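J.: Please find one structure pasted underneath; my questions will follow.
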Amino acid sequence: MADQAEQLREMMSNNAPEKIARRHDSKKNRIITVASGKGGVGKTNMSVNMALAYARLGKKVIVMDADLGLANVNVMLKMIPKWNLYHVIRKQKTMKEILVETEYGIGIVAGASGFSKIANLNEDERQNFIDELNTLSSADIIIIDTSAGVSSNVLDFIACADDAVIITTPEPTAITDAYGIVKIIATEIDSLEMGLKLVVNRVHNVAEAKKVADRMTTIAGQFLNVKLEYLGFVYDDPAVSQAVLRQRPFMVDSPRSKAAQCVQHIVGRMEKTEIREGGGFGNMVKRIFKND
Ligand SMILES: Nc1ncnc2c1ncn2[C@@H]1O[C@H](COP(=O)(O)OP(=O)(O)O)[C@@H](O)[C@H]1O
Ligand SMILES: [Mg+2]
């Protein structure tokens with residue numbers, strides 16, 4: 001541990017990049033970006049099922065699938081969106097046209113891999129894209145499911161979030177990678193202004209979850225000086241893989257399962273945390289420009 005701490009301190013002292021400024025205008029909706037270091041830890045399941053839990057609270061929810069390589073959300077919900085954000089960027093479609101309403105009462109928007117193209121747009125086209133993205137803000141909750149790791153794309157999506165929910169499992173490799181992404185968020189984005197949250201997935205008991213969470217929140221506080229808030233855990237539950245096979249969210253497929261109860265609990269906790277006036281979509285676009 002001491003070694004790792006040394007290394008981290010060194011990395012931090014070498015790293016003094018300009019942080020992304022965050023906006024402070026008031027708004028009612030909440031943008032939640034779900035991210036992880038390691039792949040396959042449960043981001044897509046968490047995104048979709050959190051969306052359903054929110055919908056049950058009477059919220060209008062949209063899930064944006066930003067994990068384009070694998071196009072998870074559609075597979076999980078057994079649907080194939082024809083259009084994605086790229087078509088909106090290109091002005092071929094409006095946001096309203098690419099938004100797919102599902103039978104579960106949540107809307108789905110497919111992201112785009114060609115985000116770097118935004119930098120080539122002229123001022124009018126850029127503004128049009130921001131305006132289109134902002135039409136999503138009529139939803140109460142926007143959940144953005146990302147791909148694993150810390151590509152610039154993922155950071156773009158985190159830059160617009162009010163909350164970044166980091167998912168890990170108790171596996172040491174997943175924990176190390178989760179710590180890695182927290183570190184990059186802390187370095188690149190002014191995360192003190194955003195709710196940085198942790199969910200431990202696939203645990204076998206409460207104590208196991210707590211041990212992982214304590215370790216991560218302590219290290220984040222001590223070495224990165226960020227507040228990582230433990231939101232809760234999800235049991236390792238066969239209902240999850242069964243639902244995935246059936247291409248239905250487990251909140252619907254097994255509403256009384258342990259996993260479903262955990263997600264409902266997590267959303268309850270989330271609702272109790274204050275919305276910290278996060279980034280907004282304009283911030284995401286700003287970040288994309290800055291990278292170019
Ligand atoms: N709580 C859980 N209990 C049991 N299996 C799970 C759980 N969460 C995820 N899984 C399994 O892990 C697989 C990957 O989950 P997924 O949400 O697609 O991860 P990611 O989006 O992070 O790659 C799922 O298909 C499922 O089989
Ligand atoms: Mg996924």
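The values are calculated or read from the model by the stated rules, or taken from the named source; none is laboratory data. None of the values given here were measured: they were computed from a predicted structure. Heads up, the Cβs are rebuilt from the backbone with ideal geometry, glycines too, and the neighbour counts pull from every protein chain shown.
J.: Within the bounds of region 183-204, is there any residue that is more than 22 Å from GLY149 (Cα to Cα) and in a helix (DSSP H, G or I)?
T.: No, region 183-204 contains no residue that is more than 22 Å from GLY149 (Cα to Cα) and in a helix (DSSP H, G or I).
J.: Also, quick follow-up: Between VAL252, VAL226, which is over 18 Å from the mean Cα position of the chain (by Cα) and away from ligand 2 (no atom under 16 Å from the Cβ)?
T.: The match here is VAL252.
J.: Does PHE157 count as among the aromatic types (Phe, Trp, Tyr), closer than 17 Å to ASN84 by Cβ, away from ligand 1 (no atom under 15 Å from the Cβ) and part of a helix (DSSP H, G or I)?
T.: no
J.: Using the structure shown, decide if ASP177 is outside any strand (DSSP E or B), at pLDDT 95 or above and either of a type in the set (Gly, Ala, Ser) or touching a Gly at 6+ places or on another chain (Cβ under 8 Å) (or both).
T.: The answer is yes for ASP177.
J.: If you don't mind, another one. Being at pLDDT below 90 and part of a helix (DSSP H, G or I) narrows it down to one of MET46, MET76, so name that one.
T.: MET76
J.: Restricted to region 131-143, and to residues that are touching a residue at least 24 places away in the same chain (Cβ under 8 Å) and either within 12 Å of ligand 1 (Cβ to nearest atom) or more than 17 Å from SER47 (Cα to Cα) (or both), which residue is surrounded by the most Cβ atoms within 10 Å (Cβ to Cβ)?
T.: Checking each candidate, the answer is LEU133.
J.: Also, quick follow-up: Take the conditions more than 22 Å from ALA239 (Cα to Cα) and touching a strand residue (DSSP E or B) at 6+ places or on another chain (Cβ under 7 Å) and apply them to VAL61. Does it pass?
T.: Yes, satisfied.
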